[in-house]
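The values are calculated or read from the model by the stated rules, or taken from the named source; none is laboratory data. As the structure is a prediction and not an experimental result, all values here were calculated from the model. Please note: Cβ atoms are built from the backbone with ideal geometry, for glycine as well, and neighbour counts cover all protein chains shown.
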Amino acid sequence: MGSPDVTPDPLFTGRARTIGIAAAWLTFVVNEVYAVVSGLAFVKQGAAVESGPLLSAMALLVVVMGPPLVVSMGAVHVYANPTRKLCSVAALAFMIACVTVTSCINFSLLIVSVMPDLFAESWRSMFLPCRWPAPAFVLDNFVWDWFFGVSMLLAAPVFGGDALRVALRGVMILSGALCLTGLVWLAVSPEQAIIIGILGWGAAGPIAFLLLAKVFGRVPARPVETAQG
């Protein structure tokens, strides 16, 4: 059985479409840059990234990624069919929560990694080394596994119809499911759980935003005047 066709809201204007495409693409690009930087950090320092420019760059990239993440999900809410607005506004709320908490964590990590000597050892130990069970690392993983994962699952019902929208819906479900599985798996093995969560928000997540940009791009641009008329 195919997925039902879920038409976008007629109020999804050309301006919202353009902003949504730009935000989704920016989310994808920043996420891929983060993947490259984190890979380099892992090669140089292993699983525990203690300090240095790569750690600072990783923290800064997460902060930079925040606004396009929220704007992308805001565009999803504007795009959503009126019958799916409850799902989309809940997805937006969870994404705002994710970005708010992770931005605070990573901005603090940025400052500590750049100027570690300014802070007491008790404060530094909350962030460094950047691995389990540092409190900031644990909290950041929870934020991405829970808030980001639930946001993806809530956004998935907004899309359905042609192959591209069905693919986007499937990747969002996969992303959310992996994130929540990673959270649950913490009770079994924190090391494995972190990898599962990363596959959710760090692998499937960027693909979802890439597909989201393409879905927005296929929506005929509607002028503001038409939408208001």
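At-a-glance table
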quantity: Pick from region 1-23, criterion part of a loop (DSSP other than H, G, I, E, B) and among the hydrophobic types (A, V, I, L, M, F, W, C), ranking: surrounded by the fewest Cβ atoms within 10 Å (Cβ to Cβ); calculated: MET1
quantity: Condition check for PRO82: out of contact with any helix residue (DSSP H, G or I) (no Cβ under 8 Å at 6 or more places or on another chain) and closer than 25 Å to GLU191 by Cβ; calculated: no
quantity: Any hit, region 178-197, residues being in a loop (DSSP other than H, G, I, E, B) and of a type in the set (Asp, Glu); calculated: no
quantity: Extreme residue, surrounded by the fewest Cβ atoms within 10 Å (Cβ to Cβ), among residues of region 24-55 that are at pLDDT 90 or above and of a type in the set (Gly, Ala, Ser); calculated: ALA35
quantity: Residues (more than 13 Å from ALA193 (Cα to Cα) and hydrophobic (A, V, I, L, M, F, W, C)) located in region 117-136; calculated: LEU118, PHE119, ALA120, TRP123, MET126, PHE127, LEU128, CYS130, ALA134, ALA136
quantity: Unmet requirement for ALA120, which otherwise passes all of (1) modelled with pLDDT under 95; (2) closer than 19 Å to HIS77 by Cβ; (3) among the aliphatic types (A, V, I, L, M); calculated: (2)
quantity: Filter result for LEU69 (surrounded by 19 or more Cβ atoms within 10 Å (Cβ to Cβ) and either touching a strand residue (DSSP E or B) at 6+ places or on another chain (Cβ under 7 Å) or at positive phi (or both)); calculated: no
quantity: Options LEU164, LEU128, LEU139, LEU109: the member that is under 30 Å from THR13 (Cα atoms) and touching a helix residue (DSSP H, G or I) at 6+ places or on another chain (Cβ under 7 Å); calculated: LEU164
quantity: Residue within region 208-223 that is buried (at least 17 other Cβ atoms within 10 Å of the Cβ), under 13 Å from the mean Cα position of the chain (by Cα), over 25 Å from ALA22 (Cα atoms) and not aromatic (Phe, Trp, Tyr) present; calculated: no
